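Working notes, structure below.
Values in this text are rule-based calculations from the coordinates and carry no lab data. Only a predicted model underlies this, so the values are computations on that prediction, with no experimental measurement involved. Using ideal geometry, Cβ is built from the backbone for each residue, glycine included, and neighbour counts are taken over all protein chains shown.
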Amino acid sequence: MRERRPPHKRRERAKPAAEAAAKRVTLSRALSKLGYCSRTQAERLIAESRVAVDGRIVSDASAWLDLATARISVDGSPVAAEAKIYLMLNKPRGLVTTRHDPEGRPTVYDCLKGFDIPHLSPVGRLDKASEGLLLFTNDTEFAQVLLDPVTHVTKTYHVQVDRIMDDETLAAMTSGIRHDGEQLTATAARRLRQGDRNSWIEVELDEGRNRQIRRMLEALGAECLRLVRVAIGGLELGELPKGAVRALTDAELQALRRKAGMERTRRN
């Protein structure tokens, strides 16, 4: 009779095959995972015949490769995995969220001059008139998951409005407002404090529509005087000075990963 191998031996043989399959990715995805550029930028580089794998130019962005063994280069220079960087900035009002502005306006990158990292990108945006917490990273997967509305990672804002916000108006923000053909909804809205003519409210969003809070207030006949993002998930702006930058702590990063469901995905 043929001797059967113990079950644990069979599992040990299957494990390397599963790990190898997990390391197979498309070329555009490989450049993104290595932190070299976004997938869109990678597709453009590949289409321009600037990317080689194991010494041969590859012009198909969907070509599969083994990320553990493939030698990738762009314009003849090897591409290696960059150390992952995660920063938070207290964005001042008046800066645009872009690396280069065609109009020559100051940008958020003016605050990052001590962090000369080629592929560091903002996670989402704050418009020129908005302030507060803005994240930067070269970890494209982390950024994409954090911005995905499916993950429901909340962003919290403190907003100064040009009038007293009553309960009915706040309730309208959470029940949903139609503006320019879009349904805009806050997950929470409450008063923080008020004066004689204006008030501060706290608004939570779990989606990232363009100028969402300003548009909601406009639809309600109110004007946003000041807008400050104070938290993303459980990560708070805290006492970080205006225009200052600091690295996220390991605990802060892991908490954000859990909020976005990345830890559950890894375990599964």
Once both label points are put 7 Å beyond Cα along the C-beta direction, the Thr174-Arg93 separation in nm becomes 2.8 nm
Just report the Cα centroid separation between segment 160-230 and segment 84-107, whole Å.
-> 24 Å
What order, most packed first, do the peptides 211-221, 235-245 have when packing is the mean number of other Cβ atoms within 10 Å of each residue?
-> 211-221, 235-245
A chain fully extended from Glu252 to Thr187 at 0.36 nm per residue, minus the present Cα-Cα distance, gains in nm 21.1 nm
Given labels modelled 7 Å from the Cα in the Cβ direction, how far is it in nm from Thr154 to Asp127?
-> 2.4 nm
Report the charge-dipole magnitude of the chain in Debye, nearest 20, computed about the Cα centre from +1 at each Lys and Arg Cβ and -1 at each Asp and Glu Cβ.
-> 1360 debye
Pop the C-beta distance of Arg105 and Asn210 into the FRET formula with R0 = 30 Å and round what comes out to the nearest 0.05.
-> 0.95
For segment 141-207, state what percent of all Cα-Cα pairs lands in each successive 10 Å bin, counting from 0 Å until the bin that includes the largest distance.
-> 20, 42, 28, 9, 1
Long-range HN-HN contacts of Leu235 with modeled amide H, under 5 Å = none
Each label point is 7 Å from the Cα along the Cα-to-Cβ direction; what then is the distance between the points at Ser38 and Ala219, in nm?
-> 2.6 nm
Over the chain, the sum of -39500 (n - 2.57) across DSSP H runs of at least four, divided by residue number and rounded to 500 deg cm²/dmol, gives at 222 nm -7500 deg cm²/dmol
Which length gain, in nm to one decimal place, applies between Ile57 and Glu236 when the Cα-Cα distance is subtracted from 0.36 nm times their residue separation?
-> 59.9 nm
Cross-link list Lys23/Lys91; Lys23/Lys84; Lys23/Lys113; Lys113/Lys259: which exceed 26 angstrom alpha carbon to alpha carbon?
-> Lys23/Lys91; Lys23/Lys113; Lys113/Lys259
Please label the shape of the chain as rounded, prolate or oblate, based on the square roots a ≥ b ≥ c of the eigenvalues of the alpha-carbon gyration tensor (a/c under 1.5 means rounded; beyond that, a/b larger than b/c means prolate, else oblate).
-> prolate
